[in-house]
Amino acid sequence: MSIVAIVGRPNVGKSTLFNRLVGMRKAIVDHTAGTTRDRHYGKTDWNGREFSVIDTGGYAVNSDDVFEDEIRRQVMLAIEEADVILFMVEVSTGITDLDMTMAEILRKSSKKVFVVVNKVDNNNLLYSTHEFYSLGLGEIYSISAMSGSGTGDIMDEIVKALPPEKEDEEINDLPKITIVGRPNVGKSSLTNALLGEERNIVTPIAGTTRDSVLARYNKFGLDFFLVDTAGLRKKGKVTKDLEFYSVMRSIRSIESSDVCILMLDASQGVESQDMNIFNLIIKNKKGCVIVVNKWDTIEGKGNNTMRDFTESIKRKLAPFNDVPIIFTSVINKQRIMDVLQAAIRVYESRKRVIKTSELNEFLLPIIEETPPPAIKGKYIKIKYITQLSSPTPSFAFFVNLPQYIRDPYRRFIENKIRGHWDFSGVPLQIFFRQK
């Protein structure tokens, strides 16, 4: 999937534009609890073309001495990772030194750049936009992100500039498994341990700009593609924007996969970057296996160390913590095959289809015994359940008053489904629909 990045100095309206672009299609806005990055990353579509949008603004470090360098790094990263760049400026302030600095970097890029002049709230301000042609980046687009004026035109141009979508039918039948995680947790080591010298690059993933590749794994009765993303490896001297860097690099690899192996460092536990990547996996409805690497480095392990560590991880992942957790030492090739077996199990679970008769036979008695709480004196009755035809497991519950069902009951139902059928590592969607 293509990526559009919004760059610009602070307070020009990047987040407002982001919210407007992503909000254009409400159906793809998730209600996943704990997703902390919604305002920075989302999906949208326009004229039938779906793409990802990234708002770089929320990742800046507000310290005077590193501020300019930080913005420069983020622009460089956007150039490297995005297919189209929206360079936002503000009509009332005119061209600032920071705008000039960013424009200079963008002029050297081969990527398509749109200069978006924001806060053009009336026709009188249109005359003030002409100075932005002097940035040397071609056509300018006048918008008001707040009111939405001009955003349709810019979306038309974005879609025209995106690289064509390609689909290789040959690779669609095999699972695509991606190893993701923060820098230096052992992703490359796991990839190399699995593929060894038999690495066979078969095809580039459509739309990627970083030579992410699919490597075929066909050994020990397992046959799948490993999405090996060079972009997830650590880049020199990236410090302050490490979190932004890690998440942005993860987006493409997650979107191109069926199951993600999220690697953690046993010595560091679950950090904010890990949670950001985990939330991206769940937001994209991908399967997930968590691998705690470098377990051999933990000193003084007792009988309960692994259990306590597992419980600690699950508490942080809540409410969705039904995820396989495997402890490894990649360097010692410890439990590597367990990781692959778990990933394949999650892949199969993600494709699982449950018969309507089985769903109703199991769930309706539970619902009758524990119905949704009555609200405002109105009794809620669920009559029928079916699994929807969708790429990931989704269930529709037909009910007389769907608007009165709250999240705690949704989680109650989800837990019952998970307790009866194996959906470990698979995000579920539950919809309550008018009967």
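With Cα atoms defining each centre, region 358-425 and region 77-94 are spaced 44 Å apart in the structure.
Let me check I've understood the local charge: for residue 153, count other residues with C-beta under 15 angstrom from its C-beta, Lys and Arg +1, Asp and Glu -1. What total comes out?
Numbers: positive: 20, 160; negative: 139, 156, 157.
Cβ neighbours under 15 Å give a net charge of -1.
In order along region 347-355, phi translates into HN-Hα couplings of 4, 5, 5, 5, 8, 4, 10, 9, 4 Hz, rounded to whole numbers, per the Karplus curve 6.51 cos²θ - 1.76 cosθ + 1.60 with θ = phi - 60° and x for Gly and Pro. Packing, as the average of other Cβ atoms within 10 Å across residues, places the peptides 403-409, 333-339 in the order 333-339, 403-409, highest first. Shown in residue order for region 265-280 are the 3J(HN,Hα) couplings computed by the Karplus curve 6.51 cos²θ - 1.76 cosθ + 1.60 at θ = phi - 60°: 9, 4, 6, 10, x, 8, 10, 4, 5, 4, 5, 4, 5, 4, 5, 5 Hz (x for Gly and Pro).
For the peptides 99-111, 340-352, the ranking by packing is 340-352, 99-111, with the highest mean count of neighbouring Cβ atoms within 10 Å listed first.
Sorted largest first by accessible area at a 1.4 angstrom probe radius, with every protein chain in place, the residues 368, 165, 80 fall in the order 368, 165, 80. For region 85-91, putting each phi into the Karplus relation 6.51 cos²θ - 1.76 cosθ + 1.60 with θ = phi - 60° gives couplings of 10, 9, 9, 8, 10, 10, 5 Hz, in residue order, rounded to whole numbers and with x for Gly and Pro. Split the accessible area of region 281-342 by element, probe 1.4 Å, and carbon with sulfur accounts for 46%.
Counted by Cβ distance under 14 Å from residue 408, the other residues give a net charge of +2, where Lys and Arg count +1 and Asp and Glu count -1. Ordering of 386-396, 120-130 by packing is 386-396, 120-130, highest average first (other Cβ atoms within 10 Å, averaged per residue).
The values are calculated or read from the model by the stated rules, or taken from the named source; none is laboratory data. Just so it is clear, the model here is predicted, and its values are computed rather than measured. No Cβ is skipped: glycine too gets one built from the backbone with ideal geometry, and neighbour counts run over all protein chains shown. Remember, those area values only see protein heavy atoms, side chains included, never the ligands or the DNA or RNA. Shrake-Rupley method; radii C 1.70, N 1.55, O 1.52, S 1.80 Å.
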